[in-house]
1. Which residues, counting only those in the stretch 41-67, are free of Cβ contacts under 8 Å to residues at least 12 places away in the same chain and either within 12 Å of the chain's Cα centre (by Cα) or within 20 Å of L82 (Cβ to Cβ) (or both)?
2. Any chance the stretch 59-67 includes a residue that's among the hydrophobic types (A, V, I, L, M, F, W, C), open to solvent by less than 70 Å² (accessible area, probe 1.4 Å) and not in a loop (DSSP other than H, G, I, E, B)?
3. Step by step: first the residues of the stretch 11-28, then only those that are touching a residue at least 24 places away in the same chain (Cβ under 8 Å) and open to solvent by 50 Å² or more (accessible area, probe 1.4 Å), then the one that is farthest from S74 (Cα to Cα). Which residue is that?
4. Could you tell me whether any residue of the stretch 29-47 is modelled with pLDDT of 95 or more and surrounded by fewer than 10 Cβ atoms within 10 Å (Cβ to Cβ)?
5. So V77 ticks every box in (1) at pLDDT 95 or above; (2) loosely packed, with under 15 Cβ neighbours inside 10 Å but one. Which box is left unticked?
6. Do the conditions hold for L82, that is, is it under 11 Å from the mean Cα position of the chain (by Cα) and more than 16 Å from G8 (Cβ to Cβ)?
7. Name the one entry in I70, I52 that is open to solvent by 90 Å² or more (accessible area, probe 1.4 Å) and part of a helix (DSSP H, G or I).
Amino acid sequence: MNNYTKFGAMIATSTVVMLGLMYLNTFEWGHVFWSETRFYMAFLMGAAMAAIMLAFMLGMYKNRRANIGIFATSAAVFILALF
């Protein structure tokens with residue numbers, strides 16, 4: 001598994017975990033239901049996290065085109081999740 005595959009797996013796993021964690025503040029099980037807002041918020045946080053983590057770890061990731069692609073995709077997902 002190369003570094004970029006690991007990075008993608010890390011972001012995907014974190015996004016799914018964040019979606020689950022957003023249900024922790026639910027008072028009782030009867031109040032747990034599918035929330036489209038929580039779903040979009042998980043993508044919003046995942047996109048922001050990908051950009052921030054890549055910015056801090058640029059020394060580990062040398063492929064300039066892949067880095068630009070990740071930043072661009074993060075920005076696009078972030079903007080799309082807002083609407």
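The values are calculated or read from the model by the stated rules, or taken from the named source; none is laboratory data. Please read all numbers here as calculations on a predicted model, not as lab measurements. Please note: Cβ atoms are built from the backbone with ideal geometry, for glycine as well, and neighbour counts cover all protein chains shown. With ligands, DNA and RNA removed, areas are computed over all heavy atoms of the protein, side chains included. Shrake-Rupley method; radii C 1.70, N 1.55, O 1.52, S 1.80 Å.
1. Within the stretch 41-67, just I52 meets the criteria.
2. Yes, because at least one residue in the stretch 59-67 is among the hydrophobic types (A, V, I, L, M, F, W, C), open to solvent by less than 70 Å² (accessible area, probe 1.4 Å) and not in a loop (DSSP other than H, G, I, E, B).
3. Ranking the qualifying residues of the stretch 11-28, first place goes to V16.
4. No, every residue in the stretch 29-47 fails to be modelled with pLDDT of 95 or more and surrounded by fewer than 10 Cβ atoms within 10 Å (Cβ to Cβ).
5. (2)
6. In short, no.
7. Among I70, I52, only I52 is open to solvent by 90 Å² or more (accessible area, probe 1.4 Å) and part of a helix (DSSP H, G or I).
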